[in-house]
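Worksheet: one structure, shown below.
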Amino acid sequence: MTQTKHAIIRNYPVVGRARYWMEALRPKIYQYFVESDIDGSPVNRVDRSTIYQRAKRELDSQPFGTQFNVYAEGYEWMAHSIQPHDFDLMEKDPRVIIGGKDCLQPYSASILNVSAMSYGSLSSNAVEALNGGAKIGNFAHNTGEGGISDFHLKQGGDIIWQIGTGYFGCRQEDGNFSETLFAEKSALPQIKMIELKLSQGAKPGHGGILPAAKNTPEIAAIRHVTPHTTVFSPPFHKAFGSPREMMLFIARLRTLSKGKPIGFKLCIGQQREFYALCKAMIETDIYPDFITVDGGEGGTGAAPPEFSNSVGMPLMDALPFVHDTLTGFNIRKQVKIIASGKVLTGYHILRAIALGADTCNSARAMMMALGCIQALVCNTNKCPTGVATQDKWLSAGLVVDEKKHRVANYHRDTVESAIELTAAAGLKDPHQITRRHIFRRVFMNQVRSFEDIYPSTVPGCFANGQTPEHNIGMIEIDSWGQG
């Protein structure tokens, strides 16, 4: 009654405390007792159950038909064929070769891989289990921008090394990019591709902070920073300042890595900036080997709510935009596209491919395969399953030798489900699926195919310097064109 911070407790010292206790319990009660199987957010119970069942190799079928309202606006489905293809004759692990005309070490990628999650955000056991699953299942594991740790290397799985604005792992003392460290790290045989992160869906246009309390000697050694100091990741790259300089930087990374695939990841914001990147590719004749398109709906990264909720283009708008822009400039064959944004099931893989993706990355589903229960405390260091925490006691509950097999199981069964759907559509390969195969109810009595909603661009139609929104000839590639 004498404290002054909380009015409720001051006025109701006993009952008032129950209010905070109930508020803490609310998300758990809502998840387990109130919400329906199809209403859970950000991942509903139906999809979560599918992930858990596949990871554990349990029965993943369902009785009594779908629980979704098939007449509700937004419901989607895929068109099947009267004459399905024979599933037994199909390739169960389709691969995509990533590497353009200047790439000397192309990589054969799975159509589903582990999206970017750093050691530090995830526990050491979680990182090691993800990489172990990648090794078993022959797919790739993205390091996130936190650098390459021993836990990424111990299991021997394929690695995509992500380099963010902080240049962790290839950073000079002043925070600038270090060519020497990059050349040394990129020579590791486990590193199959390098991804330059421009922005991420959870917080596009926002930098990061590594608090001094979390900057342990171990983390500092991985990131090449001074331990026990606060380290800032700026919202932009200091190694280049324009689209043209960015292409030259990509070429430099390719040379330093002895020809490994180099790409970049971004969440689409101002469309004219992506047009400028395409124009810079053409004028310099330097092309990234891949572009990872991250949806503005965010992922596992903790972010300010305004950025997470209100900044960045969602994946299902960004993906066709990127594919159609590359097609319009007649450079789509030079660049592979990776889709990242709530890819959970085989249907989600095919939907992304129909919209323009070559392969997909998944973060949240891979965390759930490890045992994540969507407790929504990733940013508190109190993850009860030991996935998103640095608490040694909590992370000890995650047993690497058990969970790595669950990650591999989930990957295998989900890819095979995509192949089964492909066969049902009468197709021999998932990359044959088009926007005409996917339908969405846009109103109670109106249905549109994805081709109607996202009309395809005619190859080379931007060659005359025009797009529907901008005059390409006026777009500057020696600056970002900001006011």
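Here are the numbers:
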item: Residue list for segment 304-316, restricted to those being within 27 Å of L350 (Cβ to Cβ) and loosely packed, with under 15 Cβ neighbours inside 10 Å; result: none
item: Checking F64 against (1) surrounded by 13 or more Cβ atoms within 10 Å (Cβ to Cβ); (2) at positive phi; (3) without any contact (Cβ under 8 Å) to a residue 60 or more places away in the chain, the condition it does not meet; result: (1)
item: Candidate set: segment 270-297, residues that are touching a residue at least 60 places away in the same chain (Cβ under 8 Å) and among the polar types (S, T, N, Q); chosen: the one surrounded by the most Cβ atoms within 10 Å (Cβ to Cβ); result: T292
item: Residue match in segment 174-193 (condition: at pLDDT below 90 and in the same structural domain as T414 (by TED's automatic domain parsing)); result: yes
item: Residue within segment 370-380 that is assigned to a helix (DSSP H, G or I), under 27 Å from V96 (Cβ atoms) and not aromatic (F, W, Y) present; result: yes
item: Residues being on the phi < 0 side of the Ramachandran plot, touching a helix residue (DSSP H, G or I) at 6+ places or on another chain (Cβ under 9 Å) and not in a helix (DSSP H, G or I) - total across segment 304-337; result: 5
item: Segment 224-242, residues that are more than 23 Å from the chain's Cα centre (by Cα) and not in a strand (DSSP E or B); result: H224, V225, T226, P227, H228, T229, T230, K238, A239, F240, G241, S242
item: Per-region count, segment 441-466, residues part of a loop (DSSP other than H, G, I, E, B), in contact (Cβ under 8 Å) with a residue 60 or more places away in the chain and loosely packed, with under 15 Cβ neighbours inside 10 Å; result: 4
item: Restricting segment 72-125 to residues that are among the aliphatic types (A, V, I, L, M) and closer than 30 Å to D391 by Cα, the residue that is nearest to the chain's Cα centre (by Cα); result: A116
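Condition check ((1) in contact with a Pro (Cβ under 9 Å, 6 or more places away or on another chain); (2) surrounded by fewer than 22 Cβ atoms within 10 Å (Cβ to Cβ); (3) farther than 20 Å from M117 by Cβ) across all residues:
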{"site": "G166", "(1), (2), (3)": "yes, no, no"}
{"site": "D174", "(1), (2), (3)": "no, yes, yes"}
{"site": "T180", "(1), (2), (3)": "no, yes, yes"}
{"site": "L188", "(1), (2), (3)": "no, yes, no"}
{"site": "Q200", "(1), (2), (3)": "no, no, no"}
{"site": "G205", "(1), (2), (3)": "yes, yes, yes"}
{"site": "H237", "(1), (2), (3)": "no, yes, yes"}
{"site": "R244", "(1), (2), (3)": "no, yes, yes"}
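The values are calculated or read from the model by the stated rules, or taken from the named source; none is laboratory data. Worth saying up front: this structure is predicted, and the values here are computed from it rather than measured. Using ideal geometry, Cβ is built from the backbone for each residue, glycine included, and neighbour counts are taken over all protein chains shown.
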